[in-house]
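The values are calculated or read from the model by the stated rules, or taken from the named source; none is laboratory data. Note that the structure is predicted; figures quoted are calculated from it, not measured. Here Cβ is always computed from backbone atoms with ideal geometry, including for glycine, and neighbour counts include all displayed protein chains. Note: accessible area is taken over every heavy atom of the protein model, side chains too, but ligands, DNA and RNA are not part of it. Shrake-Rupley method; radii C 1.70, N 1.55, O 1.52, S 1.80 Å.
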Amino acid sequence: MMKSFVPLAWLSLAMTLSSDLRAEPRPMTIDDLLSFKRCADPQISPDGRWLVYVVTTITDASSNKSQSNLWLTPTDGSQPPRQLTTTEKKDRHPRWSPDGRWILFESNRSGDNQLWVISVEGGEARQLTQVATEATTAIWSRDGRQIAFVSAVYPEFSEKPFAESNAANKKRNEEKEKSVVKARVFKRLFFRHWDSYVEDKRQHLFVMSFDPTTGTAGEPKDVTPGDRDAFPTSTTFSVGDDFTFSPDGKFLLFTAVPEKDEAWSTNYDICRVPVTGGSTRWE
């Protein structure tokens, strides 16, 4: 299945080629490819009037460094695109709030991947999360008052209150980083998914409240605690978002690996949990 951002990427490519190669046709070079601004992940506003998307620019080809920012453009082409965020890091995965006032995105501008929000009117972006195991792939509830996201956590801490589990995850990460022993110990399959080690963390879903008036968020809660992944450990069998809120905002529905013998099947189950969490048993 072709990704939704492909047409936008080809448009960027065509515009660059037409301006750079119009004067004197020549073969394309690697330097040409590296000079392109890559457009991705276009998202249409709830009222259909605006499009937010990610623009990635190569800043240092020799060290493979790049930066990504969010841009806004009207869907009718009545105005030129304008840059919404400015960072030398990477802003990505923009998602409109249901009322169209806020854009939720993830960024490593604070050092690791966390969730941020910015008003469509501009101004400074606000950091919403400080999760030791990072926060990614965020979505809104339909009323715009809840946000769900993914974080890979150590399952033995996942049933504790957030402040306690977050501190324990941070400590474990620091211990592993400082340890001179880099051996990996596996007690279950999968131990490796394609080119990535699964290791001893589990992909869990978190939910936190959001105040659309102030643009602030409440404390996150792990709603899928336990020693099981609530999100695919590989995007090979994944297309789009793999979890969603129920229309009334009371549940999260998501795809998850089978509870037993996950290494022997590529099937996924559809599970449901209340946004209040509280159980390792998923419906």
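When restricted to residues that are surrounded by fewer than 19 Cβ atoms within 10 Å (Cβ to Cβ) and among the β-branched types (Val, Ile, Thr), region 107-132 contains 1.
For region 236-267, a residue qualifies if it is of a type in the set (Ser, Thr, Tyr) and open to solvent by less than 60 Å² (accessible area, probe 1.4 Å), and the qualifying residues are Ser238, Ser246, Thr255, Ser265. Against the conditions (1) modelled with pLDDT of 95 or more; (2) farther than 27 Å from Thr214 by Cα, Ile118 satisfies every one except (2). Taking the condition open to solvent by less than 70 Å² (accessible area, probe 1.4 Å) and not in a strand (DSSP E or B), does Thr85 pass? In short, yes. The condition of being open to solvent by 30 Å² or more (accessible area, probe 1.4 Å) and of a type in the set (A, V, I, L, M) holds for Ala163.
Working only within region 53-69, note down all residues that are hydrophobic (A, V, I, L, M, F, W, C), closer than 15 Å to Thr85 by Cβ and either under 15 Å from the mean Cα position of the chain (by Cα) or open to solvent by 50 Å² or more (accessible area, probe 1.4 Å) (or both).
If the condition is that a residue be hydrophobic (A, V, I, L, M, F, W, C), closer than 15 Å to Thr85 by Cβ and either under 15 Å from the mean Cα position of the chain (by Cα) or open to solvent by 50 Å² or more (accessible area, probe 1.4 Å) (or both), then Val54 is the only one that fits.
Screening Thr213, Thr233 for residues that are open to solvent by 10 Å² or more (accessible area, probe 1.4 Å), polar (S, T, N, Q), touching a strand residue (DSSP E or B) at 6+ places or on another chain (Cβ under 7 Å) and modelled with pLDDT under 95 leaves exactly one candidate, Thr233. Remark: pairs (first residue in region 267-283, without any contact (Cβ under 8 Å) to a residue 40 or more places away in the chain; second residue open to solvent by 70 Å² or more (accessible area, probe 1.4 Å) and part of a loop (DSSP other than H, G, I, E, B); Cβ separation under 8 Å; 6+ apart in sequence or on different chains) = Asp269/Glu259; Arg272/Glu283.
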